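Below you'll find the structure, written out as structure tokens, and then a few comments.
The values are calculated or read from the model by the stated rules, or taken from the named source; none is laboratory data. What you are looking at is a predicted structure, and each value in this text was computed from that prediction instead of being measured. Glycine gets a Cβ as well: all are built from the backbone with ideal geometry, and neighbour counts include every protein chain shown. Surface areas here come from the heavy atoms of the whole protein model, side chains and all, with no ligands, DNA or RNA. Shrake-Rupley method; radii C 1.70, N 1.55, O 1.52, S 1.80 Å.
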Amino acid sequence: MIALGLLTASAACHAAWNLLLKRTGPGGPAFVWLCGLLTLPVSIVLLVRGPLTTVWWAGVVSMALHTTYAVTLQKAYALGEFSTVYPISRGTAPALVTIAAVPPHPQVYVGAALVLTGVLILDPPRSQRRSVALGLAVAMAVAGCTAAYTLWDAFAVDSLQVDVLSYLAVANVAQIVVLSTIVRDVRGAARHWRTAVPIAVLMPASYGLVLLALSFASVGTVAVGRTLNVVLGALLGAVVLRERPRVAGLVVVVAGVLLVSV
């Protein structure tokens, strides 16, 4: 249940920064670069105090996966609504991880099935418009990115025994270096620093809690447990964006999360 507590805190942070990102609008790689730049001093301190050993190359791989995810997520929010993109991307990823990780406990499969069912209840297909279909396709691409970095980071924590804080720091520094070669309008990007600050804080906080949870539970359990984000995201959508989440879908998602977290 320690993992469940960590994942609940992570879900709150994750849903909050996604909502902020949606309201901010698409910023592309420049906005991702700015968020990383704002936390660079913290990353440098962590690198100075922490062991690097195998962390540096594992962190670079993680950086590539997370950067692809962040840019794809912005594209998804530019094409679709928060109440569509968030449940689909967060609810589908655990099923992909479950299939790839092949966890030993059958209840994880049942929990993943419940989560997917709950997501469909939360956001059933309502339109065949091309724009909606494209938004759903990009949301599924986000789910694929999420599954990829979840599996890799689980390998880094479990098999490589990386120091979590140093691992996150290496990934952040590497991201800044790579994106610095792409971002051209530095001053234009820097003008959005006030918007980027809360996202820059909540993003690493949410995933740092996930990495800690991987120390207490399997990757399949953590992946499905992360769909608590869907519930909190729906609640934020109802309060902030005045949307109407389907209670039945929320109940089914929670049931699936609890099933794989015990």
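Some values worked out for this structure:
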| read-out | value |
| --- | --- |
| Residues located in segment 46-69, provided they are in contact (Cβ under 8 Å) with a residue 12 or more places away in the chain, part of a helix (DSSP H, G or I) and either under 24 Å from V253 (Cα atoms) or β-branched (V, I, T) (or both) | V55, V60, V61, T67, T68, Y69 |
| Any hit, segment 143-159, residues being within 26 Å of L38 (Cα to Cα) and open to solvent by 30 Å² or more (accessible area, probe 1.4 Å) | yes |
| Leading residue by the ranking (farthest from the chain's Cα centre (by Cα)) among those in segment 206-225 that are in a helix (DSSP H, G or I) and polar (S, T, N, Q) | T221 |
| Segment 165-205, residues that are part of a loop (DSSP other than H, G, I, E, B) and surrounded by fewer than 16 Cβ atoms within 10 Å (Cβ to Cβ) | T181, I182, R184, D185, R191 |
| Neighbours by Cβ (under 9 Å, 6+ apart or cross-chain): first from segment 157-177, closer than 16 Å to Y207 by Cβ; second open to solvent by 20 Å² or more (accessible area, probe 1.4 Å) and basic (K, R) | L165/R49; S166/R49 |
| Segment 59-116, residues that are closer than 24 Å to A174 by Cβ and among the β-branched types (V, I, T) | V60, V61, T67, T68, V71, T72, V97 |
| Residues satisfying the stated conditions in segment 14-49, i.e. of a type in the set (S, T, N, Q) and closer than 12 Å to A70 by Cα | N18 |
| Counted residues, segment 82-111 - those being more than 17 Å from the chain's Cα centre (by Cα) and either open to solvent by 10 Å² or more (accessible area, probe 1.4 Å) or of a type in the set (S, T, N, Q) (or both) | 11 |
